[in-house]
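Colleague: Have a look at this one before I ask anything.
The values are calculated or read from the model by the stated rules, or taken from the named source; none is laboratory data. Keep in mind it's a predicted model, so treat the numbers as computed, not measured. As a convention, Cβ positions derive from the backbone with ideal geometry for all residues, glycine included, and neighbour counts pool all protein chains shown. Quick note on the areas: whole protein, heavy atoms, side chains included, nothing else; ligands and nucleic acids left out. Shrake-Rupley method; radii C 1.70, N 1.55, O 1.52, S 1.80 Å.
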Amino acid sequence: ARVAQKIGQTFFFFFVVQECVFENLDLKVKVMKEIDRFASNQTILASSTSCFLPSLFTESLKHRSQALVAHPINPPYFVPLVEIVPASWTSPQTIEKAKEIMQTIGQRPIVLRKEIQGFIVNRIQYAILDECYRLIADNIISVDDIDAVMSEGLGMRYAFLGPWETAHLNANGISEYFEKYAKGIYEVSKTFGETPRMGGPVAEHISKEMFKRIPMKALSAKRVWRDECLIAVSQLKSSKKEK
């Protein structure tokens with residue numbers, strides 16, 4: 001992609017190269033080095049990786065100050081969020097320009113202030129999956145019902161509100177929420193178990209239940225349905241923009 005910015009009467013062109021190879025660190029190092037050979041000082045070197053820290057594959061680049069992660073969320077053609085993750089040597093100008101470009105093409109970038117394993121989306125997603133797994137392993141709830149907790153409960157709110165906005169509205173402001181619920185949240189959180197490895201009998205049980213609900217041959221059709229739902233939610237969100 002090439003983006004032009006007018007400063008005074010002069011146009012400056014910024015080029016963006018988005019690396020999207022498989023999640024193989026050695027391959028990413030090789031590809032980014034090859035891209036770096038042809039990059040100009042106005043080229044942003046972005047990676048779609050969902051798990052590798054940018055410092056792991058950009059340190060030796062000549063243009064490493066122009067390199068970062070720009071991680072889209074699957075499916076990226078319907079979900080606008082993009083995680084922008086800089087390495088310690090990524091320049092502020094590169095971060096800001098990458099953010100502006102994502103906004104220009106209709107995405108919603110979030111910027112991490114520093115590297116962290118798993119970035120943000122996966123850290124939150126994994127926390128949810130871990131607790132869902134523990135609840136099933138402890139025979140507290142069924143696979144179907146734990147999915148309903150998100151699709152028919154929390155997800156209904158989170159499609160429009162973040163967790164802090166939700167808390168802010170569930171009380172007379174976030175300060176009251178903390179006053180009323182912080183102690184209870186702490187006490188419940190202490191009961192969370194160890195991080196599960198997600199294998200063995202429990203994983204087999206979850207797999208059996210999921211394939212009973214959505215057989216392998218139905219996955220493609222279910223993905224189409226998912227995308228249609230995301231389109232509908234996106235359209236609804238656009239029509240309900242905050243005033």
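Colleague: Leaving out same-chain residues fewer than 8 places away, which lysines sit with a Cα under 23 Å from that of Lys62?
Modeller: Of all the lysines, those that pass the test against Lys62 - Cα under 23 Å, at least 8 places apart if same chain - are Lys28, Lys30, Lys33, Lys97, Lys99, Lys114.
Colleague: Would you calculate, for the chain, the mean residue ellipticity at 222 nm contributed by helices, counting each DSSP H stretch of 4 or more residues as -39,500 (n - 2.57) and dividing by all residues, to the nearest 500?
Modeller: -15000 deg cm²/dmol
Colleague: Per the Cauchy relation, a quarter of the hull surface: what is the mean projected area of the convex hull of the alpha carbons in the chain, in nm²?
Modeller: For the chain, averaging the hull's shadow over all directions gives 17.6 nm².
Colleague: Once fully extended, how much extra length lies between Glu242 and Arg226, figured as 0.36 nm per residue of separation less the alpha-carbon to alpha-carbon distance?
Modeller: That pair, Glu242 and Arg226, stretches by 3.2 nm at full extension.
Colleague: Highest first, please rank the peptides 130-136, 143-149, 65-71, 159-165 by the mean number of other Cβ atoms sitting within 10 Å of their residues. Provide the component values of the computation, followed by the final result.
Modeller: Details: 130-136: 17.4, 143-149: 14.4, 65-71: 25.6, 159-165: 11.9.
Taking the mean over residues of other Cβ atoms within 10 Å, the ranking is 65-71, 130-136, 143-149, 159-165.
Colleague: For the chain, what is the accessible area per residue in Å², given a 1.4 Å probe and the full set of protein chains?
Modeller: 68 Å²
Colleague: Hey, another quick one. With charges set only on the Cβ (+1 for Lys and Arg, -1 for Asp and Glu), what does the dipole of region 79-204 come to about its Cα centre, in debye to the nearest 20?
Modeller: Charge dipole of region 79-204: 560 debye, to the nearest 20.
Colleague: Of all the C-alpha pairs in region 58-105, what % are more than 14 Å from each other?
Modeller: Beyond 14 Å sits 52 percent of the P(r) for region 58-105.
Colleague: Convex hull over the Cα atoms of region 135-243, averaged projected area in nm²?
Modeller: Details: hull surface 38.1 nm².
Result: 9.5 nm².
Colleague: Something else: Output the antiparallel fraction of DSSP beta bridges having both residues in the chain, as a percent to the nearest 5. Show your work: numbers first, answer last.
Modeller: Values: 11 of 23 bridges.
The antiparallel fraction comes to roughly 50 percent.
Colleague: While we're on this one: Among Ile105, Ile206, Ile73, determine the one that fluctuates most according to a GNM of the chain built with springs between C-alpha atoms less than 10 Å apart.
Modeller: It is Ile105.
Colleague: How many percent of the accessible area of the chain is carbon or sulfur, using a 1.4 Å probe?
Modeller: C and S atoms contribute 58 percent here.
Colleague: Taking only C-alpha pairs under 8 Å that are 6+ residues apart, what is the relative contact order of region 82-166 in percent?
Modeller: 24 percent
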